[in-house]
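Participant: Can you read through this structure? Questions will come right after.
The values are calculated or read from the model by the stated rules, or taken from the named source; none is laboratory data. A quick note: this is a predicted structure, and the numbers were derived from the prediction, not measured. We place every Cβ from the backbone using ideal geometry, glycine too, and count neighbours over all the protein chains shown. The area values use the complete protein model at the heavy-atom level, side chains included, leaving out ligands, DNA and RNA. Shrake-Rupley method; radii C 1.70, N 1.55, O 1.52, S 1.80 Å.
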Amino acid sequence: MRIGNQQLKEFLLDAELVDPKVLEQKFQDAEKTGKQLGDLLLEAELVDEAELGKMRAYILGIPYVDLGKNQIDPEILQIIPEPIAKKHNIVAFEKTGGELRVAMLHPDDLQTIDFIKKKTGLKIVPCIASREALEAAIKQYEKSLKAEFGDIIDTDSQDLEGVTTGIRKEGDEEGDDKDQNLAKVAEDLPVVRVVDTLLKHAILQSASDIHIEPDEKEVRVRYRIDGILHEAMTLPKQVLPGIVARIKVLSNLKLDEHRLPQDGRFKIEKEGYKISFRVSILPIFDGEKIVMRLLDESSKGLTLEMMGFQPRPLEIIHREINKPNGMILVTGPTGSGKTTTLYTVLDILNVPEVNISTAEDPVEYRMSGVNQTQIKPKINLTFAATLRSLLRQDPDIIMVGEIRDQETMEIAMHAAMTGHLVLSTLHTNSAAATLPRLLDMGAEPFLVASTVNVIIAQRLVRKLCPECREEYKINEKELATLRDSYNMDEILEFVKSADALKGKIKPKDTWTTVSFFRKKGCERCSDGYKGRMGIYEVLEMDESIRKLVSQAAATEVIEKQAKENGMSTMVEDGFLKALQGITSVEEVLRVTKE
């Protein structure tokens, strides 16, 4: 069913759609690069997409359909789920008896056709359509997604607007009435259903965050999935007060407070999952912006192996966390998974024989057997104040959510020096940069050298979907681009010596002969990626590093010594995972390029 480049070339010559000399050149390019001739012609704008589509339909003997701007029946459109429609450029547009007519770009995608056939139990009749027509048809999903609760918005928007307008007109002296009106809106069935739908879609798509952002005329909803924000839907502005009120009621926040930020949390427990929502509400120019962090409390505990640590760093971490005292530091930017790493280490250390206490802001995961304290700066319950109190509670292990200031750092270091194991996080770009950072915060060099056991620096990369990833080899141009950012020769030597790639990479291999993998996209994934994993560098404090810290050495000097001692950098770990097919080079570039 697939059209070969030679076959397409012959038909195009017969139809005289492209100049023969230009067509021959593009054909040669297609053969060299392994690309489709049709794609190269479209890129060069040598042929009209509709004409090419009709030509392909003629060759394959299947219909060409002009979807135009006609509205597709939402019930028929929804037969194919939106993620599949977007990933595979396929739309259901007509159903007759047991037959379903679908418009698609690639009718040779038999895997997708077979999947839809099994899912629907219908006979699939593929038709070819232009990319532009398919994009217009796929946009109709937005309306059908809204249709799930469109009746709520459209039918009840006037009632909601009436109530919320009344709230806005109330004076401060009538605060009780305003409160009651807000409470009424929050419990109103339409608003409850809208919020429930937003939460349900976020859970189904495995989102980590929900952003509800008011604009001048509308409200934008976005989900963060695998670290990337995606547009979910747009709602009319008049439903905003109701949504905000509903979320405030769920989070037990003040309904009539619109001028100050508020933080809260609530939980949803249903058969199969238990999700905790951490809520942050911030007043902005056009209303109140809401960000909700989703924390899956029903998920099974992670292990360091599952998180992506290689054998040698894993051995170092296990050795250092089992020491009775010292500091374990995890570093990286916001959203790099530092807290998850700390909780995983705590889970390993959480046995009945030890007393574990934490100071966190906020408490993200509840852990049985661990005494967790929520920091509240408004009442002077700071990290430093909490840490002082914790030291009087006979702890064996202390976790400090983050070292933000000199006072917290000094107390944590003295605790590590006086027989406690202290775990904490810092915001630095690399493991080696953490040591000078502590000195910049005012720590004495000898204190840093004697208390820090190990530093873990990390980033999160998206994992390639194993069902549809594509194998490929990089060319010289791509390699030159990589050389601008990294020492590729040094990385090559590292991956050749890595145990994880033994048998896969030969001593004579170069970057252009080894195989990488890239995203493709299928019905089981989003954008060709599914899930995330860490890339790490683990710096162990041995005598050579302690000596450099005592001399207040620069980051570059410490990193050079650590690498001589056997430390692999995050970039090296990233390329190792790229060669294993776990992630892509693009992902490594995205999270490590400075």
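Participant: Restricting everything to alpha-carbon atoms, can you work out Rg to Rh for segment 183-258 with a Kirkwood hydrodynamic radius?
Facilitator: 0.97
Participant: Moving on to the next point. Between LEU501 and ALA552, what length comes free when the chain is fully extended (0.36 nm per residue of separation minus the Cα-Cα distance, one decimal in nm)?
Facilitator: Numbers: separation 51, 0.36 × 51 = 18.36 nm, distance 3.70 nm.
Result for the pair: 14.7 nm of gain on full extension.
Participant: Could I ask something else about it? State which entries of LYS32/LYS117; LYS117/LYS473; LYS563/LYS593; LYS477/LYS508; LYS26/LYS593 exceed 27 angstrom in Cα-Cα distance in the structure shown.
Facilitator: From the list (LYS32/LYS117; LYS117/LYS473; LYS563/LYS593; LYS477/LYS508; LYS26/LYS593), the Cα-Cα distance tops 27 Å for LYS32/LYS117; LYS117/LYS473; LYS26/LYS593.
Participant: Starting from the Cα of LYS560, move 7 Å in the Cα-to-Cβ direction to define the label point; list residues of segment 419-437 whose amide nitrogen is under 19 Å from there.
Facilitator: Of the residues in segment 419-437, 430-437 have backbone N under 19 Å from the label point off LYS560.
Participant: Shifting gears a bit: Under a point spin-label approximation (7 Å from Cα along Cα-to-Cβ), what is the GLU94-LYS32 distance to one decimal in nm?
Facilitator: Taking the simple label geometry, GLU94 and LYS32 are separated by 4.4 nm.
Participant: Can you tell me how the chain classifies by the Cα gyration tensor, rounded, prolate or oblate, using a/c under 1.5 as the rounded cut?
Facilitator: Oblate shape, in that a/c is at least 1.5 and b/c is the bigger or equal ratio.
Participant: Do any cysteines in the chain lack another Cys Cβ under 4.7 Å, and if so which?
Facilitator: Cysteines lacking a close Cβ partner in the chain: CYS127.
Participant: Rounded to a whole number, what % of the accessible area of segment 1-79 do carbon and sulfur atoms account for, probe 1.4 Å?
Facilitator: That fraction is 47 percent.
Participant: On to the next question. Just going by the charge dipole of the chain, with Lys and Arg at +1 and Asp and Glu at -1 on Cβ, which of ALA498, MET413, GLY121 is farthest out on the positive end?
Facilitator: ALA498
Participant: Also: Using the basic label-point model (7 angstrom from Cα toward the beta carbon), what is the GLN111 to ASP347 distance in nanometres?
Facilitator: Result: 3.1 nm between the two label points.
Participant: Summing Lys, Arg as +1 and Asp, Glu as -1, what charge do residues with Cβ under 11 Å from the Cβ of PRO311 carry, PRO311 excluded?
Facilitator: Net charge in that neighbourhood comes out at -2.
Participant: I'd like to know which of GLY574, ILE84, ALA443 lies farthest towards the positive end of the charge dipole of the chain, counting +1 on Cβ of Lys and Arg and -1 on Cβ of Asp and Glu.
Facilitator: Towards the positive end, the residue furthest out is GLY574.
Participant: What full-extension length gain, to one decimal in nm, is calculated for LEU13 and ALA44 as 0.36 nm per residue of separation minus the Cα-Cα distance?
Facilitator: Taking 0.36 nm per residue and subtracting the Cα distance, the gain is 9.4 nm.
Participant: How would you rank 255-261, 242-248, 92-98, highest first, on the average number of other Cβ atoms within 10 Å across their residues?
Facilitator: With the highest mean Cβ count within 10 Å placed first, the list reads 242-248, 92-98, 255-261.
Participant: On to the next question. How large, in percent, is the carbon and sulfur part of the accessible surface of segment 338-442 at a probe radius of 1.4 Å?
Facilitator: 47 percent
Participant: Just order 356-362, 59-65, 396-402 by mean Cβ neighbour count inside 10 Å, highest at the front, would you?
Facilitator: 396-402, 356-362, 59-65
Participant: Check cross-link reach from LYS217 to the lysines: straight Cα distance under 21 Å, and skip same-chain residues fewer than eight apart.
Facilitator: In chain and number order, the partners are LYS139, LYS143, LYS146, LYS169, LYS237, LYS289.
Participant: Residues with amide H under 5 Å of MET233's amide H, sequence separation 5 or more or different chain, H placed in the peptide plane at 1.01 Å from N; which?
Facilitator: Long-range HN contacts for MET233: VAL221.
Participant: At 7 Å along Cα-to-Cβ for each site, give me the label-to-label distance between GLU471 and GLU305 in nm.
Facilitator: 2.6 nm
Participant: Read phi for every residue in segment 98-113 and hand back ³J(HN,Hα) as whole Hz from Karplus 6.51 cos²θ - 1.76 cosθ + 1.60, θ = phi - 60°, with x for Gly and Pro.
Facilitator: x, 10, 10, 8, 10, 9, 8, 7, 10, x, 8, 7, 5, 4, 5, 4
Participant: Past the 25 Å Cα-Cα mark, which pairs from LYS54/LYS530; LYS87/LYS119; LYS35/LYS87?
Facilitator: Working: LYS54/LYS530 35 Å; LYS87/LYS119 17 Å; LYS35/LYS87 19 Å.
Violating the 25 Å Cα-Cα cut-off are LYS54/LYS530.
Participant: Considering only ILE243, SER208, LEU229, whose Cα is most displaced toward the positive end of the charge dipole of segment 198-246, charges sitting on Cβ of Lys, Arg (+1) and Asp, Glu (-1)?
Facilitator: ILE243
Participant: Accessible area per residue of the chain at 1.4 Å probe, in Å²?
Facilitator: Per residue, the chain has an accessible area of 50 Å².
Participant: Assigning unit charges at the beta carbon (Lys, Arg +1; Asp, Glu -1) and nothing else, what dipole magnitude in debye, to the nearest 20, does the chain show about its Cα centre?
Facilitator: The dipole of the chain has a size of about 1340 debye.
Participant: Same structure again: Quick check: the distance between the Cα centres of segment 303-327 and segment 90-125, to the nearest angstrom?
Facilitator: 50 Å
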